[in-house]
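Chemist: The structure is given below, and queries will be raised subsequently.
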C-alpha cells in the first residue's frame with residue numbers, strides 16, 4: 001500500500017512541477033507580447049483573405065449558411081432517431 005501511494009505522489013509531482021512552470025512561462029510571455037501577437041494575427045488575416053477584409057469579417061458573412069447547415073443536420077438526426085424508435089417498437093414481439 002505504501003508503494004502505491006509513493007508512486008502516485010512521485011508521478012504527480014514529476015508531471016505537475018514542470019507543467020506548472022511551463023504554464024507560468026507561457027502566461028508571462030502572452031502577457032508581455034499579447035499586443036504584438038494580436039497585430040501579427042490581424043496582418044496575417046488581412047494578407048490571406050480575399051480583398052484584404054480579414055477572416056473575421058469573411059466568417060461573419062457566412063454564419064447564416066453554417067447555422068442553416070447545423071440546424072438541418074439536427075433536424076435530420078431527430079427524424080432518424082424517432083423513425084428508428086418507431087421501427088423498434090413495431091418489430092418488438094408482444095409478450
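Chemist: If the chain between residue 26 and residue 73 were fully stretched, how many nm would it gain, using 0.36 nm times the residue separation less the Cα-Cα distance?
Modeler: Gain on extension, residue 26 to residue 73, equals 13.0 nm.
Chemist: Return the Cα extents of the chain along principal axes one, two and three, sorted largest first, each rounded to a whole Å.
Modeler: Result, largest extent first: 66, 66, 15 Å.
Chemist: Now a separate question. Classify region 1-48 as rounded, prolate or oblate from the Cα gyration tensor: take a ≥ b ≥ c as the square roots of its eigenvalues, call it rounded if a/c is under 1.5, otherwise prolate when a/b beats b/c and oblate if not.
Modeler: Verdict is prolate for region 1-48.
Chemist: Please compute the length gained on full extension between residue 10 and residue 56, using 0.36 nm multiplied by the number of residues separating them and subtracting their Cα-Cα distance.
Modeler: Between residue 10 and residue 56, full extension yields an extra 12.0 nm.
Chemist: Can you give me the P(r) profile for region 38-91? Cα pairs, bins 5 angstrom wide beginning at 0, each as a whole percent.
Modeler: 4, 18, 13, 11, 10, 9, 8, 7, 6, 5, 5, 3, 0
Read-outs: derived from the displayed coordinates by stated rules, not from any lab. Keep in mind it's a predicted model, so treat the numbers as computed, not measured.
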